[in-house]
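The values are calculated or read from the model by the stated rules, or taken from the named source; none is laboratory data. For clarity, every value in this text was computed on a predicted model and none was experimentally measured. Note: ideal-geometry Cβ built from the backbone for every residue, glycine included; neighbour counts use all protein chains shown.
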Amino acid sequence: MANAAVAAPRRRRLSWAAIDERLGISGLAYPVPAHANGIGYILGGISFFGFLILAASGVWLAQYYHPTAATARESVVYIMNTVPFGDIVRGVHFWTANIVMATVLLHFGRVFTTAAYKRPREANWLIGLGLLAVTLGLIFTGTVLKWDQEGYEALGHNVEIGNLIGAFGTWFSTDFAATLPIIGRLYLAHVVILPAIGMLLLIPHFLLVKRHGISSLPAEADVAVDGGPAPERTGSTFVAHIVRMAGFGLVLLAVAVVLAAVVPAPLGDRPIPGTETTKPPWMFLVFYPFEDWFGLPALLWVPAVVFAALAALPFLDRSPYRSPRRRRLVMAIGALAAIAAVLLVLYALVTVPVAHVQGAMG
Ligand code: HEM
């Protein structure tokens with residue numbers, strides 16, 4: 001009897017209620033609209049899950065990778081040929097990065113088409129643009145690290161752009177620190193600086209989504225603008241949303257594993273100094289024709305113009321309506337920009353690579 005009397009409170013202490021009292025997990029079951037679980041509204045969450053896969057596989061790769069020009073490529077060869085499951089983990093890292101780039105762009109496209117950048121979400125749109133830049137920066141620095149011909153040429157562009165920026169670009173130049181070669185600093189950017197900036201942006205990004213709630217469906221929001229009933233705010237819970245996000249995330253992981261097994265992550269030949277024979281990874285191809293037409297400085301001002309235009313969007317498109325059919329001008333401009341981007345990529349794919357970097361590659 002005495003034992004049972006002691007065991008009962010102990011069981012209670014270990015019960016779910018006791019854990020929840022301390023961690024407040026049930027507070028996560030707050031209501032969210034049902035449409036938040038649709039694929040269009042979960043793309044940001046899938047991207048986040050992809051970043052977790054990238055962090056885990058990246059930490060594993062870092063156990064074997066050497067960030068020096070003399071040994072970087074050989075350490076990648078070692079990872080692929082000698083380390084147990086090395087080719088699979090490297091492939092998962094590579095394919096997940098590509099998939100995350102695609103899901104981030106689709107998330108951006110969903111926010112654009114549903115005008116979720118409008119009041120009160122302008123700040124979160126700007127933070128999102130920062131996240132887009134960080135994602136591109138991670139892929140760029142990752143490309144350099146494998147130190148094949150493509151990586152070497154990417155570094156040449158990095159150095160040349162640093163020179164163009166002048167004093168602000170010193171960090172990107174080879175002379176910033178005589179004690180640490182530039183590949184070591186780009187490695188630092190890839191594994192510490194950019195992930196840290198990404199985390200610092202993700203925290204307010206998520207807090208603002210929580211603060212404002214996910215935007216309502218555009219058609220329902222427009223009915224409310226015209227004086228109709230307010231859009232629904234329930235139908236699911238945040239816990240159900242997280243479970244669904246994790247489900248999509250696991251599908252992403254499975255796809256990356258299969259791709260890694262079937263199509264290994266590429267690794268080109270040892271770089272030949274002074275030559276330029278490759279094209280950039282697909283997410284940078286849209287800028288490649290401008291480099292052909294206007295020279296390497298275009299890689300500075302074209303993205304700057306694009307990002308500035310995107311940053312200005314919430315402050316220019318100020319009507320309260322959010323449905324695409326009530327924003328015909330913005331949607332037409334967006335469609336033209338998307339078509340232009342596809343044509344630029346097609347041009348970049350068919351054109352023969354030419355040398356753009358002048359002094360830095362020798
Ligand atoms: C690293 C990349 C990013 C991650 C991990 C991320 C994550 C998220 C998540 C989890 C949400 C909640 C709803 C959803 O998934 O759609 C969200 C919402 C949002 N994101 Fe992102 N995001 C990223 C990039 C971007 C970009 C590039 C933009 C646009 C420039 C952006 C703008 C927004 C806005 C405005 C919302 C609120 C949308 C609404 O209420 O409908 N995000 N983001």
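Observations, loosely collected:
- The residue pairs whose first member lies in the stretch 117-131 and is within 18 Å of residue 203 (Cβ to Cβ), whose second member is small (Gly, Ala, Ser) and in a helix (DSSP H, G or I), and whose beta carbons are closer than 7 Å, counting only pairs six or more residues apart or on different chains, are 126/311; 129/311; 131/198.
Residues are listed down the side, and each one gets a yes or a no for (1) at pLDDT below 95; (2) surrounded by fewer than 18 Cβ atoms within 10 Å (Cβ to Cβ):
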| position | (1), (2) |
| --- | --- |
| 206 | no, yes |
| 210 | no, yes |
| 216 | no, no |
| 219 | no, yes |
| 229 | yes, yes |
| 233 | yes, yes |
| 236 | no, yes |
| 240 | no, yes |
| 246 | no, yes |
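- Condition check for residue 208: in contact (Cβ under 8 Å) with a residue 24 or more places away in the chain, under 22 Å from residue 112 (Cβ atoms) and within 15 Å of the ligand (Cβ to nearest atom): yes
Residue-wise test of (1) surrounded by 23 or more Cβ atoms within 10 Å (Cβ to Cβ); (2) acidic (Asp, Glu); (3) within 28 Å of residue 270 (Cβ to Cβ); (4) touching a Gly at 6+ places or on another chain (Cβ under 6 Å).
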position	(1), (2), (3), (4)
102	no, no, no, no
110	no, no, no, yes
113	no, no, no, no
130	no, no, no, no
133	no, no, no, no
137	no, no, yes, no
147	yes, no, yes, no
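- Filtering the stretch 343-358 to residues that are more than 16 Å from residue 276 (Cα to Cα) and in contact (Cβ under 8 Å) with a residue 24 or more places away in the chain leaves 344, 345, 347.
- Scope the stretch 110-137; condition more than 9 Å from the ligand (Cβ to nearest atom), closer than 17 Å to residue 330 by Cα and part of a helix (DSSP H, G or I); matching residues: 113
- Restricting the stretch 161-204 to residues that are in a helix (DSSP H, G or I) and aromatic (Phe, Trp, Tyr), the residue that is farthest from residue 143 (Cα to Cα): 168
- Residue in the stretch 230-240 that is more than 25 Å from the chain's Cα centre (by Cα), within 22 Å of residue 142 (Cβ to Cβ) and without any contact (Cβ under 8 Å) to a residue 24 or more places away in the chain present: no
- Residues satisfying the stated conditions in the stretch 19-75, i.e. away from the ligand (no atom under 16 Å from the Cβ) and among the polar types (S, T, N, Q): 26, 57, 63, 68, 71, 75
- Selection count where residues are assigned to a loop (DSSP other than H, G, I, E, B), among the aliphatic types (A, V, I, L, M) and surrounded by 18 or more Cβ atoms within 10 Å (Cβ to Cβ), scope the stretch 268-298: 1
- Condition broken by residue 251, with the remaining ones in (1) of a type in the set (Val, Ile, Thr); (2) surrounded by 15 or more Cβ atoms within 10 Å (Cβ to Cβ); (3) without any contact (Cβ under 8 Å) to a residue 40 or more places away in the chain satisfied: (2)
For (1) touching a residue at least 12 places away in the same chain (Cβ under 8 Å); (2) over 30 Å from residue 108 (Cα atoms), each residue gets a yes or a no:
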position: 139; (1), (2): yes, no
position: 145; (1), (2): yes, no
position: 157; (1), (2): yes, no
position: 162; (1), (2): no, no
position: 168; (1), (2): no, no
position: 182; (1), (2): yes, yes
